[in-house]
Structure formats: C-alpha cells, structure tokens
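Colleague: I am attaching a structure below and will ask some questions about it afterwards.
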Amino acid sequence: MDMANEYNSSEMAIEERIRNLLTEMTLEEKTGQLNQVQWNGWEAFDALADDVRAGRVGSVINLVDRAAVDALQTIARQESRHGIPLLIGRDVIHGFHTVMPLPLAQASSWNPELVRDCARISAQEAAVTGVNWTFAPMIDVSRDPRWGRVAESFGEDPYLTSVLGAAMIDGYQTSDPASPDTILACAKHFAGYGASEGGRDYNSTNIPPNEMRNVHLPPFKAAVEAGVATFMTSFGDIDGVPASGNEWLLTDVLREEWSFDGMVVSDWESITQLCTHGMCEDEVDAALVAAQAGVDMDMVGGLYSAHLPHLCESGEISMDRIDQLVGNILRTKIRAGLIDGDRLDQHTEEPARLTALAVARQAATESCVLLRNEKDTLPLASDQISSLAVIGPMANEPAEQMGTWVFDGKSERSVTPLDAITSVLEGQAEVDFEPGLETTRSHDKTLFTRAVEAAASCDVAVLFIGEEAILSGEAHCRADITLPGAQADLVRAIRQTGKPVIGVIMAGRPLALGDVIEEFDALVYAWHGGSMSGPALADLLFGRAVPSGKLPVTFPKVSGQVPIYYGHKNTGRPPEADKVIHIDDIEKGAPQTSLGMTSFLLDAGYEPLFPFGFGLSYTQFAYSDLHIDRHEMTEKEMAIVTATVINTGTRTASEITQLYIRDRVARITRPVRELKAFRRQELAPGESVQVEFQLSVNELAYYHRDGSFQAEPGDFDIWVGGDSRADLHTSLRLLKA
Ligand code: NOJ
C-alpha cells in the first residue's frame, strides 16, 4: 500500500498524519494554513508564489486559471517544506460556465435529485479549472424578500432547505470528495444571516433561542449529517455577538453538539469586521476572539497570519488551540485527496455541453411556477396562432436571465425566451418583439407605443418582465419589492389592447404583485432561470412541458406585509378571515374596536397573494382518502399517513404532495403549520397513486429552551395536499411515555 492510500484509508490514519504534520510544522507554517488570500492576477504571481513556497498560504480564493493553479500547486507540493497543497475556492453558486437556475428557483422544483444534478454538473465544470472548493449551499432560511440574498437561498422553510441543501452538498462532493471531479461544499452563512433586520444585508439579527434552534439551525445540522466538508460564518451579529466571534455557535453547537470535524472559514474579512461591529478593540483582539471562538481560516483579512504567531508566543492563545484550527484544515485537505492523494495529478474534463445544457433546461423548466391561468390561457397552441407579440425588457437579455452570482457564467450559452419562441414558431407564426422599456428599471415610456401596437396586431402578447440580475444578490436589497420602473404601467397598457396577456416574471425575489395580478390572463414565475431559461419557457408556454414548480416562499400582496411566511405562530388573536379594510372607508370617529381586534393589517389583511407550496399545472390533481394507521402512538412507534392523489385532467404532469403538521398545544408555541415531508411524482391523466408518509416522534419534536429535542405528548393536526393551505385533515395523539 502506498502512502497516499494508507492515509486516505481510515480516520485513524488521518489523525495520525495530522499529528505528524503538526509536529513538524513551525508556528508560522501553521498560521499560514489558516490564511486564505485573494488571487490578484499574474502581476502578483511571484509574490504569491513566494508566500506559498514559504508555507504562508493555505488557500487562494477567486483563482480559476488552470495554469496558475497548477503552478501554485506544484510549488506548494514540491517547494514548500511539507508539500501541503492549496484549497482553491470560488463561488460556484448555481452553475459555472453553464448557469443553472438561481437556488431559489431550483427550490421551486422541490426536486432534490435535480438540485443534486445541477451541483454535479457545476462541480465538474469548475473542477477543470483547478477549483476544489465552493462556497455553497447557502442554507440561510430566508423569510424577507427585501433581502437580496433570498435569491441565493432555498426559501423560507427549514425542512425544504435542509433536504435541498443536503442534495446540493451531495452534488458537489459526492460520496468521494477526493475524486478529482468534485469540489468541497460549504454550508453558509452560519448562522441566522437570513434574518437581517429590515431586509437590509449585513444588518444585525436578533434571533431568540427558540427561533434559532427550530428555524435557522436545522438546515446546518442537516448539512453536517450530509457530510459537508466546510462551514462559513455569517457577516451578521446575532443577539449582540457577531458570528465570526461567536463561540456558542462555532464551538458549543457546531463542534460539541454536532461533532463537526471539518473546517470553518470566515466570510470575507469578517474577522476584521469584528472591530467595525464594535466587538473587538483592534485587529489583534479580533484575531484572538475569532480563533478562540472557532474560526479556522481567515478569508482574505490576513489577521491570523499577522497576529496569531505573536499571540501564541505571548501565551494569549495556546499552541493546542492553533493545532486544533490547523488540524481541521489539514483533515479537510486530506479528505479532499489533496494531501497524499493523487487528485492533483488527474486532470478532468468538462461534462459534455449538451449534457450540461439538458440538466440546465430541465432545472429551468421545473423551476417555473404557474401562478395564474384564467380560462386555461396556457398552454398556447402553436398551430393556432398566427402572430405573437414578445414584449418586455427581459425577453432578450442573455446576461440578465442568468441572475446573481455568475462570475464564470458564459452568457453566450444563454438562450433567451425571444430566441426560443422564435425558433418554435419559425415558419408557423410571426413573432413581433418590442421591449417596451429599455431596462426593468426604466421610467421612460417612449417605447410603449410600439409595444402596444405589436400587442394589438398579434393574437397574443407575452410579457417578459421582472428584475435585472443586479437588483438581487449580495448587498442588493430593496424596500419596495413591486415591479421596478414603469413595468406595471407597461402591463396595463398592453392589457388595454384586449389581447390575452401572458406574464412571465424573471426575478431574483418574490415580487409584490398585488396591484397588477388581475391584469394577467396567465402568469408564470420563472425567477432567473439560467442559461436555458428561454427554451424552458418556450416548452412551458407551448405545452411541450407542463408546469410543476411550487413556491418555496410566500408571495406578499404588498411590500409592507413582509416578513410573511406560512409557518407563523397563531398569536393570541388570530385573524378571522382575509379581512382587509380600506382605510379611506373608515368613518370619522369610528369606535376603536369597530374594525376588529385581531392580528391583521388594516390595508392588507394577513393573507398572502400566493401561499408557500402553491403552483398550478395544466392538469388538475385531486386529493382524497387521507388515512392514518393509528390515531394514538407512543414515542417508540411510527404512524403511517396515506392519501390518494389523482390526476383528473388531461395532461401527464408532476405533482408535489406536501404533508404539514401542527402541534396543537406546546409550552413553546408552535407554528400553525410545518412542512414535514413531500413527494414529487408524475401522473398520467386518470392515474392515481397512494402517497405514503411516515411520522415518527422526530417529526413531532422541537427544540426546547434547554436545547433538548423532544416531542410533547398531546394532539397533532396533519394535513396532506398540494400546498400549505391543504385542507384534507387527520390527527394524531402522542401518548405520554
Ligand atoms: C461574501 C459572501 O457573503 C459569501 O457568501 C461569499 O462566499 C464570499 N463573499 C466569497 O466570495
């Protein structure tokens, strides 16, 4: 057995290898491993090469030049004293050269296998450049669509996020993360980043323990269970303690409770920012606090290399602590096949372009959610229309449809909706394209006239509107989440033509569409669907594919309703129905109690525009025969819930069946509904299937104040159906032990 195989063969051998390396390394070489630096181009290559040679660098971020990677890895292996290769990190968030739909869009597919396939293709494409580490999945539960990073999330639900996060990790890493066509995944941002106050990025979060344990932490725990190699801290401060200096999160929870033994990287200069937050006095203090809290690697800040050696020499931080941090990084590198493995000697190839595009197309198709379809406006019969007006500023924008986080995305791979529709209708019908507005943000209505004329002279108008890529993503938050610019007016102007109006919204967040929804005969929410958004949309519009996506986030009617999510608490004064009071109608001097004393907004009620889990199809599904094999069970038993789903329409299509529970009485109030299981399956017209779910005490339990995970005996409601408003109901009583 050669050395490589010996050290990769068992955990014990890995730990021995780490001990041996640590014995041989100097303090500077150790802190060098904790240092991630930025690639600054070939101009800065020599200086970087010197640092790598001297063991002053553990990782390089944003390097995708294979020649440079090879040169640096060769120096690291052959010229540095211990031959420890580099982690090469890059944000491969939803695709690499081939761009997959945004994570939020992928979440609309509720299809873990597909999410895994997207990550697999992305990993294969990225690995060719020498990248061996990505900063994904982002599994921050996101309940505020003002926050631009909702685009990068899997939405509002802890369970859906957990399942899809695990699938994405599997796609990047596979079961063999030492294989050369994999990249290490990173669960980020630990933790609670999605709860930034007011939807403003980087803002403080105030998350009480109950909310932290039951909403924000579960996806991260699931990521550990899925074998994620690395974690990234959040920029935010939680209850007054910034995440990069948060010992409770990074040590007590992550290491001690969850036994995570991979590595933790800070976010970009987030150790330095401990000073800006006002937690640390200076950079020396920040390095000390972060290292003691449990951050293993400093992303770009350079504070660990600059200060940990002297902090260690003066005894302010122990060598044992430094060894733990370095050990976590070495362990990660060994598992990735970098140290002693032969990964770096094997060059891989990109997956076939057609394979990558086929996955991107399937993902874009399954990501779309049909929100409205009055009188079966969709699908369009391509042989029955002679002319179609393609309107809107998003119809032909190859770069914008890719969305945020596409450093390496090739916009020349994008097929736009205009391209795809033109090719479907070629020789059959006229396509008249008018953008109507120059960008989604334009207020200049000069182009309206031509757009209206085009719509008026065609059989049907399809409007591609929404948000350009720059309006969502990191630091790109909006207070008013309605359609930007004069797009709502464009929709109304087209409506005036009397022609069928089909809306396609391409955006990085749920938009508040309460004021325009009635203007559409049909509405498809396509998010930013990536390279193959156009063909996917053409397939759906012309019925070559059937919409199957369901919302992973609740859609508000107006911006002021956010945060809005289905898993809210009941309150002591729940609203009776969707009561909305137009404040202009309130009589002067009306008694204070006359409007009702419940938990609603006078002018918006409390109902969303579209609920979590919602999505229409070109067929219909009916649910019946909800059955539970027992109405009482002990903690050791398991209940089997079944329901029949039948496709009562005329098209073969996929339905996503969802199971929700409610813990009726608990000492810590529980949400009015919680998703606990889902199943996606295809049914032919007339076909029915019995869907079966198992409920164990795990699905009934929640985290209590003392951190324990237990179910309280008592009654639980159970619903099964096609969205979070499912009304087929049964119940289960958990008996006292
Ligand atoms: C900052 C972002 O918050 C994080 O998600 C990303 O991975 C890093 N920058 C690296 O680019």
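The values are calculated or read from the model by the stated rules, or taken from the named source; none is laboratory data. Since the model is a prediction, treat every value here as computed from it, not as a measurement. Glycine gets a Cβ as well: all are built from the backbone with ideal geometry, and neighbour counts include every protein chain shown. Note: accessible area is taken over every heavy atom of the protein model, side chains too, but ligands, DNA and RNA are not part of it. Shrake-Rupley method; radii C 1.70, N 1.55, O 1.52, S 1.80 Å.
Colleague: Condition first: within 16 Å of the ligand (Cβ to nearest atom) and touching a helix residue (DSSP H, G or I) at 6+ places or on another chain (Cβ under 7 Å). Now tell me which residues in the range 293-310 satisfy that. If you could, list the steps in order and put the result at the bottom.
Modeller: Pass one, the range 293-310, residues within 16 Å of the ligand (Cβ to nearest atom): 295-302.
Residues satisfying the conditions are Val295, Asp296, Met297, Asp298.
Colleague: So, one more: Could you list, in sequence order, the residues of the range 541-559 that are open to solvent by 20 Å² or more (accessible area, probe 1.4 Å) and touching a strand residue (DSSP E or B) at 6+ places or on another chain (Cβ under 7 Å)?
Modeller: Once the filter is applied, which keeps residues that are open to solvent by 20 Å² or more (accessible area, probe 1.4 Å) and touching a strand residue (DSSP E or B) at 6+ places or on another chain (Cβ under 7 Å), the range 541-559 yields only Val546.
Colleague: Still on this model: Check off (1) within 16 Å of the ligand (Cβ to nearest atom); (2) over 23 Å from Gln324 (Cα atoms) for Ser59 and give me the number that stays unchecked.
Modeller: Answer for Ser59: the failing condition is (2).
Colleague: Could you list all residues from the range 196-223 that are within 15 Å of the ligand (Cβ to nearest atom), open to solvent by 10 Å² or more (accessible area, probe 1.4 Å) and within 16 Å of the chain's Cα centre (by Cα)?
Modeller: Listed by number, the list holds a single entry, Asp201.
Colleague: Okay, next question. How do the pairs read when you match residues in the range 172-196 that are in contact (Cβ under 8 Å) with a residue 24 or more places away in the chain with residues anywhere that are of a type in the set (Lys, Arg) and within 12 Å of the ligand (Cβ to nearest atom), using Cβ under 8 Å and keeping only pairs 6 or more apart or on different chains?
Modeller: Taking only residues 6 or more apart or on different chains, the pairs are Tyr193/Arg149; Gly194/Arg149.
Colleague: Another question about this same structure. Would you confirm, using the coordinates I've provided, whether Val92 is buried (at least 23 other Cβ atoms within 10 Å of the Cβ), away from the ligand (no atom under 16 Å from the Cβ) and within 33 Å of the chain's Cα centre (by Cα)?
Modeller: Working: buried (at least 23 other Cβ atoms within 10 Å of the Cβ): yes; away from the ligand (no atom under 16 Å from the Cβ): no; within 33 Å of the chain's Cα centre (by Cα): yes.
In short, no.
Colleague: Does Thr74 count as over 36 Å from the mean Cα position of the chain (by Cα) and open to solvent by 10 Å² or more (accessible area, probe 1.4 Å)? Give the derivation first.
Modeller: Working: over 36 Å from the mean Cα position of the chain (by Cα): no; open to solvent by 10 Å² or more (accessible area, probe 1.4 Å): yes.
In short, no.
Colleague: Counting just the residues of the range 30-47 that are without any contact (Cβ under 8 Å) to a residue 60 or more places away in the chain and open to solvent by 20 Å² or more (accessible area, probe 1.4 Å), which one comes out nearest to Met297 (Cα to Cα)?
Modeller: Pass one, the range 30-47, residues without any contact (Cβ under 8 Å) to a residue 60 or more places away in the chain: 39-47.
Of the ones still in play, those that are also open to solvent by 20 Å² or more (accessible area, probe 1.4 Å) are 39-40, 42-47.
Numbers: Trp39: 16, Asn40: 19, Trp42: 24, Glu43: 25, Ala44: 22, Phe45: 22, Asp46: 23, Ala47: 21 Å.
Taking the candidates together, the pick is Trp39.
Colleague: Test Gln496 against the stated conditions and say whether it is open to solvent by 10 Å² or more (accessible area, probe 1.4 Å) and not assigned by TED's automatic domain parsing to the domain that holds Asp408. Don't jump to the end; show me each part of the working.
Modeller: On the way: open to solvent by 10 Å² or more (accessible area, probe 1.4 Å): yes; not assigned by TED's automatic domain parsing to the domain that holds Asp408: no.
For Gln496, the condition - open to solvent by 10 Å² or more (accessible area, probe 1.4 Å) and not assigned by TED's automatic domain parsing to the domain that holds Asp408 - is not met.
Colleague: Out of (1) over 20 Å from Glu397 (Cβ atoms); (2) of a type outside the set (S, T, N, Q); (3) under 30 Å from the mean Cα position of the chain (by Cα), what's the single condition that is false for Ile470?
Modeller: So Ile470 meets the others, but not (1).
Colleague: Among the residues in the range 186-195, are any open to solvent by 20 Å² or more (accessible area, probe 1.4 Å), of a type outside the set (Asp, Glu) and at negative phi? Lay out the reasoning, then the answer.
Modeller: Filtering the range 186-195 for residues open to solvent by 20 Å² or more (accessible area, probe 1.4 Å) gives 195.
Remaining after also requiring of a type outside the set (Asp, Glu): 195.
Among the residues that remain, those that are also at negative phi are: 195.
Looking for residues that are open to solvent by 20 Å² or more (accessible area, probe 1.4 Å), of a type outside the set (Asp, Glu) and at negative phi, one finds at least one in the range 186-195, hence yes.
Colleague: Oh, and also: Regarding His189, is this residue within 16 Å of the ligand (Cβ to nearest atom) and under 18 Å from Tyr525 (Cβ atoms)? Can you show your working first?
Modeller: Numbers: within 16 Å of the ligand (Cβ to nearest atom): yes; under 18 Å from Tyr525 (Cβ atoms): no.
Spelling it out, it is not the case that His189 is within 16 Å of the ligand (Cβ to nearest atom) and under 18 Å from Tyr525 (Cβ atoms).
Colleague: Go through the range 288-320 and give me each residue that's out of contact with any Ser or Thr (no Cβ under 9 Å at 6 or more places or on another chain) and closer than 16 Å to Asn246 by Cβ.
Modeller: Matches in the range 288-320: Leu288, Ala291.
Colleague: I need the full set of residues from the range 151-160 which are in a loop (DSSP other than H, G, I, E, B) and either within 12 Å of the ligand (Cβ to nearest atom) or farther than 12 Å from Gly194 by Cβ (or both), in order please. Reasoning before the result, please.
Modeller: Quick first cut of the range 151-160, residues in a loop (DSSP other than H, G, I, E, B) only: 153-157.
Within the range 151-160, Ser153 is the sole residue that qualifies.
Colleague: Separate question: Among the acidic types (Asp, Glu), surrounded by fewer than 20 Cβ atoms within 10 Å (Cβ to Cβ) and either farther than 22 Å from Trp268 by Cα or in contact (Cβ under 8 Å) with a residue 24 or more places away in the chain (or both): does that describe Asp298?
Modeller: Criteria not met by Asp298.
Colleague: With crowded, with 16+ Cβ neighbours inside 10 Å, under 18 Å from Cys368 (Cα atoms) and either in contact with a Pro (Cβ under 6 Å, 6 or more places away or on another chain) or touching a residue at least 60 places away in the same chain (Cβ under 8 Å) (or both) as the only criterion, which of Val504, Val460 stands out?
Modeller: Exactly one of Val504, Val460 is crowded, with 16+ Cβ neighbours inside 10 Å, under 18 Å from Cys368 (Cα atoms) and either in contact with a Pro (Cβ under 6 Å, 6 or more places away or on another chain) or touching a residue at least 60 places away in the same chain (Cβ under 8 Å) (or both), namely Val504.
Colleague: Only one of (1) open to solvent by 10 Å² or more (accessible area, probe 1.4 Å); (2) on the phi > 0 side of the Ramachandran plot fails for Gly155. Which number is that?
Modeller: (1)
Colleague: Find the residue count for the range 381-391, including only residues that are closer than 21 Å to Thr652 by Cα and either open to solvent by less than 20 Å² (accessible area, probe 1.4 Å) or without any contact (Cβ under 8 Å) to a residue 40 or more places away in the chain (or both).
Modeller: Going residue by residue through the range 381-391, those that are closer than 21 Å to Thr652 by Cα are 381-383.
Imposing the further condition that a residue be either open to solvent by less than 20 Å² (accessible area, probe 1.4 Å) or without any contact (Cβ under 8 Å) to a residue 40 or more places away in the chain (or both) reduces the set to none.
Matching residues across the range 381-391 total 0.
Colleague: In the range 239-268, which residue that is among the aliphatic types (A, V, I, L, M), open to solvent by less than 10 Å² (accessible area, probe 1.4 Å) and out of contact with any Cys (no Cβ under 8 Å at 6 or more places or on another chain) is farthest from the ligand (Cβ to nearest atom)?
Modeller: Val253
Colleague: Right, something else. What number goes with the only condition from (1) surrounded by fewer than 21 Cβ atoms within 10 Å (Cβ to Cβ); (2) touching a residue at least 40 places away in the same chain (Cβ under 8 Å) that Phe716 does not pass?
Modeller: Answer for Phe716: the failing condition is (1).
Colleague: Looking at Asp408, Asp444, can you tell me which residue is acidic (Asp, Glu), closer than 28 Å to Lys499 by Cα and either modelled with pLDDT of 95 or more or touching a Pro at 6+ places or on another chain (Cβ under 8 Å) (or both)?
Modeller: Details: Asp408 fails: closer than 28 Å to Lys499 by Cα.
The unique qualifying residue is Asp444.
Colleague: Further question on the same structure: Which strands (runs of 3 or more DSSP E) sit wholly inside the range 607-708 and have at least 2 residues that are open to solvent by less than 50 Å² (accessible area, probe 1.4 Å), among the small types (Gly, Ala, Ser) and more than 28 Å from Thr377 (Cβ to Cβ)?
Modeller: Values: elements: 621-628, 639-647, 653-663, 674-683, 688-695.
Output list reads 639-647.
Colleague: Which members of the range 362-377 meet the condition of being buried (at least 24 other Cβ atoms within 10 Å of the Cβ) and of a type outside the set (Gly, Ala, Ser)?
Modeller: Initially, the range 362-377 is screened for residues buried (at least 24 other Cβ atoms within 10 Å of the Cβ), giving 363-369.
Hits for the range 362-377 are Thr365, Glu366, Cys368, Val369.
Colleague: Hey, any hits in the range 173-180 for a residue that's among the polar types (S, T, N, Q), outside the structural domain of Ser367 (by TED's automatic domain parsing), part of a helix (DSSP H, G or I) and under 14 Å from Arg120 (Cα atoms)?
Modeller: So the first thing to find is which residues in the range 173-180 are among the polar types (S, T, N, Q), and the list is 173-175, 179.
Applying the additional criterion that residues be outside the structural domain of Ser367 (by TED's automatic domain parsing) yields 173-175, 179.
Adding the requirement that they be part of a helix (DSSP H, G or I) leaves 173.
Those left that are additionally under 14 Å from Arg120 (Cα atoms): 173.
Yes.
Colleague: Separate question: Return a yes/no flag: does the range 137-150 have any residue that is more than 16 Å from the ligand (Cβ to nearest atom) and part of a helix (DSSP H, G or I). It would help to see each step written out before you state the result.
Modeller: Kept after step one, since they are more than 16 Å from the ligand (Cβ to nearest atom), are these residues of the range 137-150: 143-146.
Within this subset, residues satisfying the condition of being part of a helix (DSSP H, G or I) are none.
No: the range 137-150 contains no residue that is more than 16 Å from the ligand (Cβ to nearest atom) and part of a helix (DSSP H, G or I).
Colleague: Would you check if there is a residue in the range 515-530 being charged (D, E, K, R), open to solvent by 20 Å² or more (accessible area, probe 1.4 Å), without any contact (Cβ under 8 Å) to a residue 24 or more places away in the chain and outside any strand (DSSP E or B)? I'd like the intermediate steps shown before the answer.
Modeller: Start the filter on the range 515-530 by keeping residues that are charged (D, E, K, R), which leaves 515, 518-519, 521.
Those left that are additionally open to solvent by 20 Å² or more (accessible area, probe 1.4 Å): 515, 518-519, 521.
Checking the rest, the ones that are also without any contact (Cβ under 8 Å) to a residue 24 or more places away in the chain come to 518.
Going one step further and asking which of them are outside any strand (DSSP E or B), we end up with 518.
The answer is yes, given that some residue of the range 515-530 is charged (D, E, K, R), open to solvent by 20 Å² or more (accessible area, probe 1.4 Å), without any contact (Cβ under 8 Å) to a residue 24 or more places away in the chain and outside any strand (DSSP E or B).
Colleague: If you don't mind, another one. Determine, yes or no, whether Ala178 is away from the ligand (no atom under 16 Å from the Cβ) and on the phi < 0 side of the Ramachandran plot.
Modeller: Working: away from the ligand (no atom under 16 Å from the Cβ): yes; on the phi < 0 side of the Ramachandran plot: yes.
Yes: the conditions hold for Ala178.
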